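These notes are about the structure you will find just below.
Nothing in this text is a laboratory measurement; each read-out follows from the coordinates by a stated rule. Note that the structure is predicted; figures quoted are calculated from it, not measured. Backbone-built Cβ (ideal geometry, glycine too); neighbour counts: all protein chains shown.
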Amino acid sequence: MNRTAMALTALAVSALLGSCTGADIGPEYVEVSEEESQLVFYGPGLAGGFRRFLTGQDGHFVRRTIGEYGPRQGEFPFAMIYLSETPPNRHFTSVPKVEETVEHWGWFSSKSVEIGGVSSAVNGIGRIDYAIASADGIACVVWLQTSGPREGTGVGTLVLNGYYCKGEGPMMRAPEAESIVRLIGHRKLGAVAAPEGWLAAVAASAERTVPASLPIQVMWSNSSSGVDNFDGEILFTKGQETAAIKIGANAGRDCEGVVSYESEEKDKLNMLWGLTCADGVTASGKLTIRTDENDIHLVGQGEDSRGQIIAITE
């Protein structure tokens, strides 16, 4: 990407969100490597593909990590994994049933979902529950796993929730779904050996310039052990000092706000964003766009007015 594109239509560097300061942002997600994420997953069709890992710590010191997998970004098969880990001497008190976690993932919210069966298997961590699902004819498996000490009424110190969708086709059979969840692991608590011939991940790349509308993905923690996913966009208008940000139209959450520049460095733009949703919830945070040749790499983080943490990617 050239410097003209990187300037994103010449928004003014000095424009800031009036109500947002560093002290207001709270817990942040940062991007980490696959090794640093602790997540291990060797799902079919994902060898040598796209990866992204974000991690952050909430106000209760719970470490949350989000993993995204695919052959290329936006293509089937793809997977999302959400890992929550408590600090020492704490534990999670409850988790939903595995089939109920489908509603925590925004990707499923606008689709007709059929649950085909619920079962369990054993992977490197221990017992893992899974549900076979079909979402508008797309074959998926959803899983939920707890591990670690179970003091009192606690269910453990680790919760691992996620899903894998292989594309359009008949619903998975139990042996296929079980073989997939057996390939999920944790580097410290239950690593899984890579299948023979497995290729390391390659960096995502797409030859594109910054358009007037930049699509984004928003991962918004909810009050349980899951995360809601929303589509959105940032709308840049040449000559304006701020850009508009909109999310949630795909999942029944109507949120709009403003993105403004905080600072600019070589090949990097630092920005601030703020949102107000139709249900009265507000959110704010930081956003960084890095550029390299014709690639765009966007990572954002923040927190809403209820203390739930938020991650944004392109």
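Observations on the model:
- Close amide-amide hydrogen proximity is noted between Asn222 and Val227, Asp228, each under 5 Å apart and 5 or more residues distant or on a separate chain (H modeled in the peptide plane; Pro and chain starts excluded).
- The range 95-138 residues near the modelled Ala174 label - backbone nitrogen below 11 Å, point 7 Å along Cα→Cβ: 117-121
- Computed about its Cα centre, the charge dipole of the range 29-186 is approximately 200 debye, with only Lys, Arg, Asp and Glu carrying charge at their Cβ.
- Here the range 29-186 yields Rg over Rh of 0.95, to two decimals, using C-alpha coordinates and the Kirkwood radius.
- Model label sites at Arg290 and Glu100, defined 7 Å from Cα along the beta-carbon direction, differ in position by 4.0 nm.
- Taking other C-beta atoms within 10 Å as the exposure proxy, Leu235, Leu269 rank Leu235, Leu269 from fewest upward.
- Among Val259, Val155, the order by Cβ neighbours within 10 angstrom, fewest to most, reads Val155, Val259.
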